[in-house]
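What follows is a short report on a single structure.
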Amino acid sequence: MVVDPEGAPVEPIRRYLYDFSARNRPASVRSYAYGLLRWLQAVEVSWERASAAEARDLVLWLRTAEKPRNSLRRASTATAGKFNPITRKRNLGDGYEPRTVRHSNAVVRSFYEFWIEIGEGPLLNPVPLDRRGRRPHAHHNPLEPSRAGGRIRYNPKVPRSRPREIPDERWRDLFGAMRSNRDRAILALDISCAARASEILGICGVNVDWGDQLVRVHRKGTDAEQWLLASPESFVWLRLYLAELDRLDPNDPVWWTLRRRDHGDGLRLHPMNYDALRAVLRRANKLLGTNYTMHDLRHTAALRMSRDESLSLRDVQTILGHAHLSFTADIYLIEDEARVIRRVAEHLAEREDRARQPPPPVAVGYEAAGLAVLFGGLPR
């Protein structure tokens, strides 16, 4: 629910989100509500009078504004927006990332498309498409899927990021930094089946097949059920963790954490959520001086599978739950930078070795002076 400064719901946004919630997941509704809240804070005219100038000003404002925070930074102040020397990953800064700006433009455009469709909004969408004078789908191959009519005009370019892989030695350090069997079970399970963090946290007792060492997850986006194979090591840690709990109902979540939320009875078990899982990684990163996330485990598992000759790319796509094979190929069919650098170093070293070697002797029966005249110098 988005409210105005007086605390009253903003009616146009309320009606849009009501319709949007019938077609999407609650997490998407929350994300779109925050996007529309930023839109209301940035524009200085009524929503139905907004034009492309306001959409442009929103993008310019997001590029310079700082994200609101519930609490001030403390330990992460010195590392915000900088690269970690161990993982070579950039820490999130205080500003809005280009992907957030693109998402904001998509949210605002969808909001106005809703009102234009029912005939109660402005005649033109204030977030225009950049068609560059071309007719949409001109010379389109009917055998290929149609794409959108054009990109949003003020969308910033997003640099293509490489999947973040955890080296084997760093993985051992990260796993050793875990303080409980629960945390070890989560990490071992995630790096073996390549599921998303939300999918791992949604596992219940009935979703664990101990005989075949399978776990059933609900895929993000489609909510489809899928069984994934996990490593024997992950099931060992899972069994050790469950032995520490009391009797677990088959329909209860597998992962639990102690929280002081009852305000009187002390610590009690509550289902583990994503914030609690982030706290686990935050403690390990502070100890190791790294900035790993749960999604890095998914990338690591996917890259390991893509390099295995016994697994096809279609197998990797099925395990990851991607809708299109091309999406999997674009992300994970890449050359490892460390291997490329090693091959280039070998190439340069080989050239230096060839340069130090003396020229080969002249073939028997030929004079060196004659060959020099013929070839413009001594043969090398």
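The values are calculated or read from the model by the stated rules, or taken from the named source; none is laboratory data. Every value quoted in this text rests on a predicted model; they were computed, and no experiment measured them. Note: ideal-geometry Cβ built from the backbone for every residue, glycine included; neighbour counts use all protein chains shown. Ligands, DNA and RNA are stripped out before the accessible areas are found, and what is left, the full protein with its side chains, is counted by its heavy atoms. Shrake-Rupley method; radii C 1.70, N 1.55, O 1.52, S 1.80 Å.
Could you please give the count of residues in region 222-250 that are assigned to a loop (DSSP other than H, G, I, E, B), open to solvent by 90 Å² or more (accessible area, probe 1.4 Å) and either farther than 20 Å from Gly202 by Cβ or in contact with a helix residue (DSSP H, G or I) (Cβ under 8 Å, 6 or more places away or on another chain) (or both)?
2
Which residue pairs have Cβ atoms under 7 Å apart, sit 6 or more places apart or on different chains, and have a first residue in region 281-301 that is without any contact (Cβ under 8 Å) to a residue 60 or more places away in the chain and a second that is of a type in the set (S, T, N, Q)?
Taking only residues 6 or more apart or on different chains, the pairs are Leu281/Thr293; Asn285/Asn291.
Taking the options Phe375, Phe327, name whichever one is among the aromatic types (Phe, Trp, Tyr), farther than 21 Å from Asp190 by Cα and open to solvent by 100 Å² or more (accessible area, probe 1.4 Å).
Step by step, each of Phe375, Phe327 is checked, and only Phe375 is among the aromatic types (Phe, Trp, Tyr), farther than 21 Å from Asp190 by Cα and open to solvent by 100 Å² or more (accessible area, probe 1.4 Å).
In region 330-362, which residues are open to solvent by 70 Å² or more (accessible area, probe 1.4 Å), under 23 Å from Arg160 (Cα atoms) and at pLDDT below 85?
The answer is Leu333, Glu335, Glu337, Arg339.
Return a yes/no flag: does region 358-373 have any residue that is hydroxyl-bearing (Ser, Thr, Tyr) and touching a Phe, Trp or Tyr at 6+ places or on another chain (Cβ under 9 Å).
Looking for residues that are hydroxyl-bearing (Ser, Thr, Tyr) and touching a Phe, Trp or Tyr at 6+ places or on another chain (Cβ under 9 Å), one finds none in region 358-373, hence no.
Output the residues belonging to region 42-59 that are surrounded by 12 or more Cβ atoms within 10 Å (Cβ to Cβ) and either free of Cβ contacts under 8 Å to residues at least 24 places away in the same chain or not aromatic (Phe, Trp, Tyr) (or both).
Ala42, Val43, Glu48, Ala50, Ser51, Ala52, Glu54, Ala55, Arg56, Asp57, Leu58, Val59 - these are the residues of region 42-59 that are surrounded by 12 or more Cβ atoms within 10 Å (Cβ to Cβ) and either free of Cβ contacts under 8 Å to residues at least 24 places away in the same chain or not aromatic (Phe, Trp, Tyr) (or both).
Of the residues Pro5, Pro85, Pro68, only one is open to solvent by 100 Å² or more (accessible area, probe 1.4 Å), at pLDDT 90 or above, in a loop (DSSP other than H, G, I, E, B) and more than 29 Å from Ala224 (Cα to Cα); which?
Being open to solvent by 100 Å² or more (accessible area, probe 1.4 Å), at pLDDT 90 or above, in a loop (DSSP other than H, G, I, E, B) and more than 29 Å from Ala224 (Cα to Cα) holds for just one of Pro5, Pro85, Pro68, which is Pro85.
Would you say Ser310 is of a type in the set (Ser, Thr, Tyr), more than 23 Å from Arg182 (Cα to Cα) and part of a helix (DSSP H, G or I)?
Considered against the rule, which asks whether it is of a type in the set (Ser, Thr, Tyr), more than 23 Å from Arg182 (Cα to Cα) and part of a helix (DSSP H, G or I), Ser310 comes out as no.
Can you tell me which residue within region 296-320, out of those that are out of contact with any helix residue (DSSP H, G or I) (no Cβ under 8 Å at 6 or more places or on another chain) and open to solvent by 30 Å² or more (accessible area, probe 1.4 Å), is farthest from Val217 (Cα to Cα)?
Per the criteria, the residue is Glu309.
Inspect all residues belonging to region 202-221 and state whether any of them is among the aromatic types (Phe, Trp, Tyr), open to solvent by less than 30 Å² (accessible area, probe 1.4 Å) and in contact (Cβ under 8 Å) with a residue 24 or more places away in the chain.
No: region 202-221 contains no residue that is among the aromatic types (Phe, Trp, Tyr), open to solvent by less than 30 Å² (accessible area, probe 1.4 Å) and in contact (Cβ under 8 Å) with a residue 24 or more places away in the chain.
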